[in-house]
Structures are given as C-alpha cells and as structure tokens.
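K.L.:
The structure that follows is given in the form of structure tokens.
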Amino acid sequence: MTSLARRALLLGFAAAVPVVAARAAFAVDALPDARFVGYAQQVNDFEIAAGRMALAKSGNENVRAFATRAMALHNDAAQRLAKARSEAGVSYAPDPSSPPNAQAVLQRLNGLDGAQFDTAYANAQLGICTDAEAQYAAYSQNGRNGALRRYAQIELPNMQGQLEFARRLAGGR
C-alpha cells in the first residue's frame with residue numbers, strides 16, 4: 001500500500017471516529033435482549049482480537065498496555081456474559097448495522113504497521129469504547145432482562161475505565 005493510500009485510509013478511519021463518538025453523546029436506548037448479547041459478544045471478541053494484533057504489531061508501551069488490559073477485561077467479561085446469557089435464556093443475535101463493525105476495523109488494522117497502526121488502533125479504541133460505554137449504560141438502566149442488566153451493571157465501570165484509558169491513548173500515544 002502506498003504512503004498516500006495509507007494516509008487516505010487513516011484519514012477516512014479517523015473521520016469515522018467522531019461519528020461514533022457523536023452517536024454516543026446522545027441518549028441511547030437499550031438494545032433488545034438478544035441484540036445486547038450480540039453487541040456485547042462483538043465488543044468482547046473485537047477487544048480480544050485487536051489486543052492480540054496490537055501485541056504482535058506494536059512496540060508502543062501505551063498501546064501494548066491498553067491491549068493487555070483490554071484482553072484481560074474482555075476475556076473475563078466474555079465468561080460473565082456466557083453465564084448471564086445462559087441464566088437469561090437469551091440467544092445471540094448480532095446487530096450488523098451497529099458499531100463496532102469489528103471485522104472491517106480488524107481488517108484495516110491488519111494492513112497497518114508501526115506508528116500508523118498505533119494511531120489507527122488508538123482511534124478505533126476511542127470509537128468502540130465510547131459506543132460500548134453508552135450501550136452498557138443504557139442497558140444497565142433500561143434493559144429488560146434482569147440477568148443481562150446485572151451483567152451490564154457489573155461491566156459498566158470496566159467500560160468507563162477503558163473509555164478513559166482510550167481517551168488518553170488517542171490523545172497521547
């Protein structure tokens with residue numbers, strides 16, 4: 001990929017982040033139960049896959065620290081989600097129209113290296129963490145299923161902490 005093409009890709013990706021952040025700035029309605037499970041699973045899967053990629057591609061201490069922390073948080077969250085989903089009797093229903101658009105982001109990240117990877121990773125994390133914090137907050141307040149609402153309430157502080165770390169990462173790589 002040429003330098004110009006990479007720059008265009010990064011600019012396009014960076015332009016998408018404020019859209020996700022703006023979406024989360026407004027009140028978010030709680031997703032239906034199965035879609036929340038799908039959303040939460042997508043976030044967990046993305047964070048684990050992106051974290052592995054960051055550990056393989058980045059030499060940046062801050063990026064690697066974020067990735068390590070995110071992988072640990074989301075491995076634990078995935079286990080808690082499986083338990084809550086089982087208790088709730090809710091099936092997985094991914095929502096392809098909502099962020100995090102994990103596969104597309106992972107594909108973009110996979111094509112980058114070095115500082116370009118670090119910048120794109122930080123911007124992706126900021127967008128995804130902003131959206132996830134809003135979705136978890138909405139479900140923790142207004143979700144219909146008690147087991148899933150408790151899951152969201154337990155995970156919300158983790159999402160808030162990860163969002164704060166993502167803000168620092170994107171602002172001061």
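FYI, it's all coordinate maths here, none of it is from the lab. If you're wondering where the values come from, they're calculated on a predicted model, not measured in any experiment. Here Cβ is always computed from backbone atoms with ideal geometry, including for glycine, and neighbour counts include all displayed protein chains.
K.L.:
Between Glu61 and Arg144, what is the label-to-label distance in nm when each label sits 7 Å out along the Cα-to-Cβ direction?
P.N.:
Distance between label points: 5.0 nm.
K.L.:
What's the center-to-center distance, using Cα atoms, between the range 74-133 and the range 134-173 in Å?
P.N.:
Between the Cα centres of the range 74-133 and the range 134-173 lies a distance of 13 Å.
K.L.:
Sort 107-113, 40-46 for me by packing, meaning the mean count of neighbouring Cβ atoms within 10 Å per residue, highest on top. Each step should come with its number before you reach the end.
P.N.:
On the way: 107-113: 15.4, 40-46: 22.7.
My ranking of the peptides, most packed first, is 40-46, 107-113.
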